[in-house]
Amino acid sequence: QVQLVESGGGLVQAGGSLRLSCAASARTFGYYAMGWFRQAPGKEREFVAAISWSGGSTSFADSVKGRFTISRDNAKNTVYLQMNSLKPEDTAVYYCAGRPWEVSTKLAEYPYWGQGTQVTVSS
């Protein structure tokens, strides 16, 4: 079982930056690919970014490419989502998720989820 806890959300003006963190409880964190998803009010949860267990492979949604980066520190059991040039349409609850080994963009392929952290971008 893997427990995930997100932090770092908040209110920011358009054009600003935030860094989300996701701390994992698993001693085998280094074997898990990690993903970030988001859900805006009235919308389905959608893929944002993912990173492989080694950090050597990443994937991003087209809507965030060039603005968001994902990284991980396996020694700290933590994955990060650096969000720059934020837009009001980035407003959502952001969720961290984990799955064994390789990157996936598919929500259903992640068995482990955090509770989410709210990101609000004002115009």
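The values are calculated or read from the model by the stated rules, or taken from the named source; none is laboratory data. Because the structure is predicted, anything quoted here is derived from the model rather than measured. Glycine gets a Cβ as well: all are built from the backbone with ideal geometry, and neighbour counts include every protein chain shown. These area figures cover heavy atoms from the full protein model, side chains too; ligands, DNA and RNA do not enter into them. Shrake-Rupley method; radii C 1.70, N 1.55, O 1.52, S 1.80 Å.
Values as computed for the structure displayed
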item	result
Checklist (1) at pLDDT 95 or above; (2) open to solvent by less than 40 Å² (accessible area, probe 1.4 Å); (3) touching a Pro at 6+ places or on another chain (Cβ under 9 Å) applied to Leu86, failing item	(3)
Selection from segment 101-118 of residues that are out of contact with any Ser or Thr (no Cβ under 9 Å at 6 or more places or on another chain) and among the aliphatic types (A, V, I, L, M)	Leu107, Ala108
Criterion: closer than 14 Å to Asn77 by Cα, loosely packed, with under 13 Cβ neighbours inside 10 Å and either modelled with pLDDT of 95 or more or over 14 Å from the mean Cα position of the chain (by Cα) (or both) - qualifying residue of Ser21, Ser25, Ser17	Ser25
Segment 64-123, residues that are among the charged types (D, E, K, R) and within 16 Å of Ala23 (Cα to Cα)	Arg72, Asp73, Lys76, Arg99
Scope segment 47-75; condition open to solvent by 80 Å² or more (accessible area, probe 1.4 Å) and touching a residue at least 24 places away in the same chain (Cβ under 8 Å); matching residues	Trp53
Those residues of segment 1-11 which are in a strand (DSSP E or B) and over 14 Å from the mean Cα position of the chain (by Cα), in sequence order	Gly10, Leu11
